[in-house]
Amino acid sequence: MMSHTAHSGLAKLVATHVAAGPPWLQQLQNQAGREFQRRGLPTRKEDAFRYTSLTDLGNYDLRLPNPVAVDSLDRDALRTLALPELEAHRLVVVDGRWIADLSDVEVPLGTTIQQASPPPDFERHLQPKGADGFDLLRTALLDQVLTIDIAKGVILSKPIHVIIASSGQTKTAISQPRIFFRIGSGSRVTIIESYVTLTDDSGLCNAGTNIDLSENARLDHVSLVRGTPGTSTVASTRVLQKHGSDYRGQSWISGSQLARHEVHIQLCEPEAHASIDGLAVARGNEQVDNHVVVEHAAPRTQSEQRMAAIVDGSATSSFGGNVIVRRDAQQTHARQQSRSLLLSINASANTQPNLEIYADDVKCSHGATVGQLDEDALFYLRSRGIAQKEAEKVLTRGFAALWLGAIDNQAMRDVLSALLDSWLAAP
Amino acid sequence: MSSTLTLQPVLEVKNLHASVNGTPILRGINLTLEPGKVHAIMGPNGSGKSTLANVLAGRPGYDVTGGTVNFLGEDLLPLAPEDRARAGVFLAFQYPTEIPGVSNAQFLKAALNAIRQHRGQEKLDAFDFLALVKDKMAALGMSPKLLERPVNEGFSGGEKKRNEILQMTVLEPTLAVLDETDSGLDIDALRVVSEGVNALRSSGRSFLVVTHYQRLLSYIVPDRVHVLAGGRIVRSGDASLALELEEKGYGWLEDQNEAAA
């Protein structure tokens, strides 16, 4: 059996954690805790982490954050990170706690928000299939859940923006924000989740978002993972979809020590549709991971994954894209596309497409490309007076344009376009 | 600079040798192009016409192995492609490159502003840029919709060539090198493109028109015609040389060339 001395800090943390809450919860937490102590954080032997280095994390003596001192938070930094140019209902979560004082007072019509011990219907979200070390940690150390309910038939004109911040007030803390969205049938909403850090050394943010999408609901879900150099963010999004529901995921991941977004989508009932368009960017020694699992569990379901990565310096990207079509999920359509652009000789991009198909009447396709900037296109731009560096930026931006183009909403597209431009403009 | 009345040549190529992938293609080109003149470079396939065009634009992979090229009295060869463009050299590509994800408008505006900045002019904002470019597109019979499309992506052959001429009219070079701009054009497109070129002819602008066929030169009437064969200029003459070539083909010149060598 492997030893996990590298993660002994976390194992100790889990061992000494006293599970609270109702008996069903305590039982699940203890179970996950024991499992974590046995397995530790994922290693490269696990497929989903084959190209991901977690050794730096293991060197930290990670601890749970102290209750955040709201008055000492850098409000200007928070305001900037909260995308002030975007009209939205804002909710601020710091170190896993919803801070009402920093959030919009007004709650949109048809919406209720509460932070409490997990509600009983959260139980099925605490035993995910194929749980990895991060999932186990999330369950073992689970404290409170921020539950956001959107009633039936609600159409929100403004998005709900949840700013999930790590304060860095406790050095090398592990914060575990847990958010549960229940979207009522026929409702149509846009939710943005921004994972941000307020210092350059904010430890590990191990975030979990669970979404129940009811019949015919449509959710536009934007996940923005924006780390700073010394931080690690592992954000997991798990979606359960009912009949005719429509999930449109958009993600932006900019590198840090580790920035990882995992999306698990289960199309549980017929006619459900899910798409995810992701762009991950990294430079220096940064790591970005995008892992997607779409499970077609019912007939006539559709999904598309369109993931892209731009990797510069000595950075690493990894994409794992899984499509699972269960035996009963006939007439499924699933598409998966992954594109990676390498901007330097030392950059690396890893892609692992994986299709598991148990039904016979399905249409599934996948494709992966890894490439560099086109030399002919570079010369074409330069021959028109555009300097080499600028030409590289123009082409890199062109590579990302497909991702931007998938965003319906103009205001949202402007925000993501600005994020991209500021990343491109940085050295 | 010069105190005499002799005009300084726009382009002065002396004994130019160049290789592609280690294979010598140009074997001693000599060429002088005065301001306001149009010179045509003709010749059979493989004679080095396109290589000459690409060498002048500074395309990577086209290695100059000997000789000199002066542009407005300055050595052109050490300059990066973008610096040549800013100094006033323009190449209309034989095969314009498709650039997914970059709109034609974005591309043209970036190019124009890079060149304006070099000339010490203010950058144009989106509004002024559009006003400028839409007029020029109309003159070339181009749909304004092509501005929003990715550069050359899904353009027809004719649209690509018009797009090259559009860039030339927007960037206003001192030396325009047209590399087989007539290839793939039907007769109507050929007329429109030629009119676009002719409208730009002026005392301050010179053209090097590379073509395989005489056809284009009925529309863009050159001051001089040079025939390239085996990487050398084997014959030069006035516009009537093009007609002679049309009649006799290139064979007789190549035979002469071999005999001379």
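The values are calculated or read from the model by the stated rules, or taken from the named source; none is laboratory data. These numbers come from a predicted model, not from an experiment. Counting neighbours? That spans all protein chains shown, and the Cβs are built from the backbone with ideal geometry, glycine included. Quick note on the areas: whole protein, heavy atoms, side chains included, nothing else; ligands and nucleic acids left out. Shrake-Rupley method; radii C 1.70, N 1.55, O 1.52, S 1.80 Å.
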For this session: Might you let me know whether region A:139-160 holds any residue that is within 19 Å of A:L81 (Cα to Cα) and surrounded by 22 or more Cβ atoms within 10 Å (Cβ to Cβ)?
Result: yes
Exercise. Restricting to region A:270-286, what's the tally of residues that are touching a helix residue (DSSP H, G or I) at 6+ places or on another chain (Cβ under 9 Å) and open to solvent by 20 Å² or more (accessible area, probe 1.4 Å)?
Worked result: 1
For this session: Return a yes/no flag: does region B:164-177 have any residue that is small (G, A, S), in contact (Cβ under 8 Å) with a residue 12 or more places away in the chain and open to solvent by 10 Å² or more (accessible area, probe 1.4 Å).
Result: no
Exercise. Residue check: is A:L109 open to solvent by 50 Å² or more (accessible area, probe 1.4 Å), modelled with pLDDT under 90 and either outside the structural domain of A:S166 (by TED's automatic domain parsing) or at negative phi (or both)?
Worked result: yes
Exercise. Could we say that B:A111 is touching an Asp or Glu at 6+ places or on another chain (Cβ under 9 Å) and surrounded by 17 or more Cβ atoms within 10 Å (Cβ to Cβ) here?
Worked result: no
Exercise. Got a sec? Which of A:D132, A:D121, A:D200 is open to solvent by 10 Å² or more (accessible area, probe 1.4 Å), touching a Ser or Thr at 6+ places or on another chain (Cβ under 7 Å) and not basic (K, R)?
Worked result: A:D200
Seminar exercise, completed: The one condition B:I29 fails out of (1) within 15 Å of B:V210 (Cβ to Cβ); (2) within 14 Å of chain A (Cβ to nearest Cβ) is (2)
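Is it the case that A:L395 is within 9 Å of another protein chain (Cβ to nearest Cβ), surrounded by 15 or more Cβ atoms within 10 Å (Cβ to Cβ), at pLDDT 95 or above and not in a loop (DSSP other than H, G, I, E, B)? Break it down into steps so the answer makes sense when it comes.
Numbers: within 9 Å of another protein chain (Cβ to nearest Cβ): yes; surrounded by 15 or more Cβ atoms within 10 Å (Cβ to Cβ): yes; at pLDDT 95 or above: yes; not in a loop (DSSP other than H, G, I, E, B): yes.
Answer is yes for this residue.
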Problem set entry | Which numbered condition A:L416 misses (of (1) away from chain B (no Cβ under 12 Å); (2) without any contact (Cβ under 8 Å) to a residue 12 or more places away in the chain) | (2)
For this session: Name every residue in region A:84-106 that is open to solvent by 30 Å² or more (accessible area, probe 1.4 Å) and in a loop (DSSP other than H, G, I, E, B), in order of residue number.
Result: A:P84, A:E85, A:E87, A:D104, A:V105, A:E106
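Listed here are the residues, each with its yes/no results for (1) more than 20 Å from A:N290 (Cβ to Cβ); (2) in contact with a Leu (Cβ under 9 Å, 6 or more places away or on another chain).
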| position | (1), (2) |
| --- | --- |
| A:D328 | yes, no |
| A:I345 | yes, no |
| A:S348 | no, yes |
| A:T351 | no, no |
| A:N354 | no, no |
| A:I357 | yes, no |
| A:V362 | yes, no |
Problem set entry | Candidate set: region A:399-413, residues that are within 18 Å of B:P100 (Cβ to Cβ) and either of a type in the set (V, I, T) or touching a residue at least 12 places away in the same chain (Cβ under 8 Å) (or both); chosen: the one most open to solvent (accessible area, probe 1.4 Å) | A:L402
For this session: Would you check if there is a residue in region A:47-65 being in the same structural domain as A:L258 (by TED's automatic domain parsing), farther than 19 Å from A:T172 by Cα, of a type in the set (D, E, K, R) and out of contact with any Leu (no Cβ under 7 Å at 6 or more places or on another chain)?
Result: yes
Problem set entry | Residue within region A:217-239 that is at pLDDT 95 or above, outside any strand (DSSP E or B), in contact with a strand residue (DSSP E or B) (Cβ under 8 Å, 6 or more places away or on another chain) and in the same structural domain as A:D200 (by TED's automatic domain parsing) present | yes
Exercise. Quick check: is even one residue across region B:154-173 under 18 Å from B:K49 (Cβ atoms) and touching a Gly at 6+ places or on another chain (Cβ under 8 Å)?
Worked result: yes
For this session: Assess whether B:N30 counts as being open to solvent by 40 Å² or more (accessible area, probe 1.4 Å), closer than 20 Å to B:P78 by Cα and not in a loop (DSSP other than H, G, I, E, B).
Result: yes
Exercise. Where residues in region B:35-50 are touching an Asp or Glu at 6+ places or on another chain (Cβ under 8 Å) and not in a helix (DSSP H, G or I), which of them is farthest from B:L243 (Cα to Cα)?
Worked result: B:K37
Seminar exercise, completed: Filter region A:25-60 for residues that are among the aliphatic types (A, V, I, L, M), in a helix (DSSP H, G or I) and touching a strand residue (DSSP E or B) at 6+ places or on another chain (Cβ under 9 Å); the one that is least open to solvent (accessible area, probe 1.4 Å) is A:L57
Seminar exercise, completed: Listed by range, strands (runs of 3 or more DSSP E) wholly within region A:163-215 having at least 1 residues that are closer than 14 Å to A:L64 by Cβ are A:178-183, A:204-213
Seminar exercise, completed: Among strands (runs of 3 or more DSSP E) entirely within region A:241-285, at least 1 residues that are among the charged types (D, E, K, R) and in the same structural domain as A:R218 (by TED's automatic domain parsing) occur in A:246-254, A:258-267
Problem set entry | Residues (in contact with an Asp or Glu (Cβ under 8 Å, 6 or more places away or on another chain), under 30 Å from B:D135 (Cα atoms) and open to solvent by 60 Å² or more (accessible area, probe 1.4 Å)) located in region B:63-105 | B:E98, B:P100
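To keep it simple, each residue is scored yes or no on (1) at pLDDT 95 or above; (2) touching a strand residue (DSSP E or B) at 6+ places or on another chain (Cβ under 9 Å); (3) outside any strand (DSSP E or B); (4) under 24 Å from B:P144 (Cα atoms).
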{"site": "B:Q167", "(1), (2), (3), (4)": "yes, yes, yes, yes"}
{"site": "B:L178", "(1), (2), (3), (4)": "yes, yes, no, yes"}
{"site": "B:T181", "(1), (2), (3), (4)": "no, yes, yes, yes"}
{"site": "B:G184", "(1), (2), (3), (4)": "no, no, yes, yes"}
{"site": "B:A189", "(1), (2), (3), (4)": "no, no, yes, yes"}
{"site": "B:V197", "(1), (2), (3), (4)": "no, yes, yes, yes"}
{"site": "B:V209", "(1), (2), (3), (4)": "yes, yes, no, no"}
{"site": "B:R235", "(1), (2), (3), (4)": "no, yes, no, no"}
{"site": "B:E244", "(1), (2), (3), (4)": "no, yes, yes, no"}
Problem set entry | Residue that is farther than 30 Å from A:N322 by Cα and free of Cβ contacts under 8 Å to residues at least 24 places away in the same chain, where the choices are A:D61, A:D104, A:D74, A:D95 | A:D104
